[in-house]
Amino acid sequence: YAPAMPFFLPRGAAVYRRLVEYIRNLYVDYGYQEVITPQIFDKRLFETSGHLQNYRENMYLPVTAEAIDQIAHDHAHDSEAHPALESLAQKPMNCPSHCLIFGQRKRSYRELPWRIADFGRLHRYERGGSLHGLARVRTFCQDDAHIFCTPEQMRTELESFNKLLFEVYSAFRFENVQVKLALRPEKRVGTDAMWDAAEKVLEDVLKETGVPYEVLPGEGAFYGPKLEFHITDALGRDWQLGTMQVDYALPERFDLEYVDNEGQTKRPVMLHRAILGSVERFFGVYIEHCAGKFPMWLAPEQISLLTVSEKQAEFAQQTGERLRSHGLRVLVDAGSDKLGAKIRNARNQRLPYFAVIGEQEVENNSLSVRSRDEGELGSLPIDQFIERAVAEAAWPRA
């Protein structure tokens with residue numbers, strides 16, 4: 001029903017939403033503003049951006065039923081495809097729509113750098129042989145953002161992005177991050193002078209920061225060179241997640257301008273960037289990386305309460321509500337299964353904590369707690385456990 005387009009069930013959706021929310025929280029500190037853009041555009045947008053000429057084989061070109069009926073009526077005996085069948089295009093990337101937003105009015109240099117983020121859903125037609133689990137799908141969301149800046153601001157923006165990216169990767173404990181510099185492909189837009197300038201600034205920043213990197217000739221995007229940030233998963237596979245791309249071409253193609261401090265009209269530089277990259281791909285890679293043992297802040301549920309018998313069911317439900325009132329995500333297993341089966345199920349779910357509730361725990365208003373990472377913690381007063389759990393559940397910050 002939806003080839004290569006994944007469904008996320010409630011527990012997966014909970015993790016997915018928190019991945020996005022984590023990045024959103026960081027955007028506040030790093031000066032990003034979020035926008036929402038359409039899914040489908042007149043194909044002229046993608047002619048202007050160059051996507052239709054350079055990326056068409058990966059794009060979906062939808063058509064309305066009304067258009068089909070009209071063409072069938074007007075061209076009943078014409079076997080040739082009618083141009084109206086390709087009047088619309090579904091976005092494979094957010095960058096053209098962000099160019100529209102920037103260009104909607106005159107901009108001053110005082111507004112720059114302008115950082116806009118977009119978690120919009122994207123669709124790309126990937127060939128069957130290239131599809132690969134969550135790592136390569138046909139619909140996905142990126143933690144996508146574009147920075148419009150002056151040429152003089154570009155270096156500072158690249159350094160700020162580097163700081164943000166490594167803060168995120170540190171939170172997920174990705175220690176072996178490889179940086180690759182992808183240079184101009186054969187099929188591209190823009191002049192050689194634009195490409196020379198864009199490639200030079202990326203390479204200069206890498207050299208100045210002392211970051212080891214590998215050069216990938218011909219692997220850049222069709223509109224600009226890029227830095228690729230690769231990690232190795234638990235199975236030893238290399239995946240590109242984050243990216244930073246310097247683009248002089250799209251501002252030129254969309255005729256984007258700002259007025260400088262002398263009243264002169266200038267062309268901004270456009271930086272395309274992502275940290276998680278495709279959230280779907282990141283999810284798949286990270287599940288392998290942590291073996292399904294999500295950290296406390298990210299786990300779909302953080303603690304499971306297990307009753308010894310049905311006599312403790314009411315206390316367990318009340319305790320669950322008490323924990324939830326502090327923002328904790330709780331499961332309550334108060335059914336008739338034996339305690340051993342409940343413990344086995346809780347371990348298989350790899351939650352950060354589970355707690356056994358028997359007659360003694362009810363009498364003492366306590367929990368017998370086991371940590372996934374530290375083992376048995378023994379009997380803890382409920383208030384003490386809440387304080388510990390809430391502290392661990394906080395969003396990670398550098």
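The values are calculated or read from the model by the stated rules, or taken from the named source; none is laboratory data. This structure is a prediction, so every number in the text was calculated from the model and none was measured. Ideal geometry is used to build each Cβ from the backbone, glycine not excepted, and the neighbour counts take in all protein chains shown. Remember, those area values only see protein heavy atoms, side chains included, never the ligands or the DNA or RNA. Shrake-Rupley method; radii C 1.70, N 1.55, O 1.52, S 1.80 Å.
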Worksheet item: Per-residue HN-Hα couplings for the stretch 331-342, Karplus 6.51 cos²θ - 1.76 cosθ + 1.60 at θ = phi - 60°, whole Hz, x for Gly and Pro?
Response: 10, 10, 9, 10, x, 8, 4, 5, 4, x, 5, 5
Worksheet entry | Normalised contact order of the stretch 103-166, rounded percent, pairs of Cα under 8 Å and 6 or more residues apart | 39
Worksheet item: What is the sum of charges around Asn365, taking Lys and Arg as +1, Asp and Glu as -1, for the other residues whose C-beta is under 14 Å from the C-beta of Asn365?
Response: -4
Worksheet entry | the stretch 176-206 and the stretch 318-385: distance between their alpha carbon centers, rounded to Å | 53
Fill in: Computed label-point distance, nm, for sites Val177 and Glu214 using a 7 Å Cα→Cβ extension
1.8
Worksheet item: Mind listing the phi-derived Karplus ³J(HN,Hα) values for the stretch 289-297, rounded to whole Hz, using 6.51, -1.76 and 1.60 with θ = phi - 60°, and x for any glycine or proline?
Response: 4, 9, 6, x, 8, 5, x, 3, 6
Response to the item:
With the convex hull built on the alpha-carbon atoms of the stretch 316-398, volume per residue in Å³ sits at 104
Fill in: 13 Å beta-carbon shell around Asn345, net charge (K/R +1, D/E -1)
+2
Worksheet, complete the sentence: Which residues qualify? For Phe354, with a placed amide H closer than 5 Å and at least 5 residues away or on another chain, they are Ser304, Arg370, Arg372
Response to the item:
Listed by chain and number, the aspartates and glutamates with an alpha carbon less than 17 angstrom from that of Lys200, same-chain partners under 8 positions apart left out, are Glu152, Glu157, Glu159, Asp192, Glu208, Glu214, Glu219, Glu228, Asp247
Worksheet entry | Relative contact order of the chain, defined on C-alpha pairs under 8 angstrom at six or more residues apart (%) | 14
Worksheet entry | Sequence-distant lysines (8 or more away, or on other chains) whose Cα lies within less than 30 Å of Lys43 | Lys91, Lys106, Lys187, Lys226, Lys266
Item to complete: Once you've got the GNM for the chain with C-alpha springs shorter than 10 Å, pick whichever of Glu159, Glu167, Glu363 has the biggest mean-square fluctuation.
Response: Glu363
Response to the item:
Cross-link reach from Lys311 to aspartates and glutamates, straight Cα distance under 16 Å and at least 8 residues apart if same chain, gives Asp333, Asp337, Glu359, Glu361, Glu363
Worksheet item: With contacts defined as alpha carbon pairs under 8 Å and 6 or more residues apart, what's the relative contact order of the stretch 190-343 in percent?
Response: 15
Worksheet entry | Calculated FRET value between Val259 and Ala4, using beta carbons and R₀ = 45 Å, to 0.05 | 0.50
Worksheet, complete the sentence: For Arg11 and Arg44, extending 7 Å from Cα along the Cα-Cβ vector and measuring point to point gives, in nm, a value of 5.1
Discussion item. What do you get for the angle between helix 65-74 and the principal long axis of the chain? Use alpha-carbon atoms, 0 to 90 degrees, nearest ten.
Written reply: 30
Discussion item. What does the extension gain come out to for Leu131 and Arg347, with contour length at 0.36 nm per residue minus their alpha carbon separation?
Written reply: 74.5 nm
Worksheet item: Got a sec? Charge dipole of the chain, +1 on Cβ for Lys and Arg, -1 for Asp and Glu; which of Ile101, Val269, Val362 is way out at the positive end?
Response: Val362
Worksheet entry | In Hz, Karplus ³J(HN,Hα) per residue of the stretch 125-140 (6.51, -1.76, 1.60; θ = phi - 60°; x = Gly, Pro) | 7, 8, 5, x, x, 9, 5, 7, x, 7, 6, 9, 10, 9, 9, 6
Worksheet item: At a 1.4 Å probe, what is the % contribution of carbon and sulfur to the accessible area of the chain?
Response: 49
Practice prompt. Of the listed values (i) 65, 21, 20; (ii) 47, 27, 19; (iii) 46, 24, 19, grab the one calculated as semi-axes √(5λ) of the Cα gyration tensor in Å from the structure here.
Written response: (ii)
Discussion item. Let me see the P(r) profile for the stretch 220-267: every Cα-Cα distance counted, bins of 5 Å, each bin given as a percent of all pairs.
Written reply: 5, 17, 15, 14, 13, 11, 9, 5, 5, 3, 2, 0
Practice prompt. Pull out the extension gain between Thr232 and Ser170, defined as 0.36 nm times the separation in residues minus the alpha carbon to alpha carbon distance; nm, one decimal.
Written response: 20.9 nm
Worksheet item: Label Glu392 and Lys187 with points 7 Å out from Cα along Cα→Cβ: what is the distance between them in nm?
Response: 5.0
Practice prompt. Express in nm, to one decimal, how much length is gained between Asp29 and Asn58 on full extension, taking 0.36 nm for each residue of separation and deducting their alpha carbon distance.
Written response: 6.9 nm
Worksheet entry | Residue-normalised accessible area of the chain, given per residue in Å² at a 1.4 Å probe | 49
Worksheet item: Top mean-square fluctuation among Val63, Val201, Val259, Gaussian network model of the chain, C-alpha springs under 10 Å?
Response: Val63
Discussion item. Can you give me the long-range amide H partners of Met59? Hydrogens built in the peptide plane at 1.01 Å from N, cutoff under 5 Å, separation of 5 or more residues or another chain.
Written reply: Tyr125
Worksheet item: Tilt of helix 313-324 relative to the longest C-alpha principal axis of the chain, in degrees (0 to 90, nearest 10)?
Response: 40
Practice prompt. Would you mind counting up the charge near Asn54? Only other residues with Cβ under 12 Å from its Cβ, with Lys and Arg at +1 and Asp and Glu at -1.
Written response: +1
Response to the item:
The helix 192-209 Cα axis meets the longest alpha-carbon principal axis of the chain at an angle in degrees, between 0 and 90 and rounded to 10, of 30
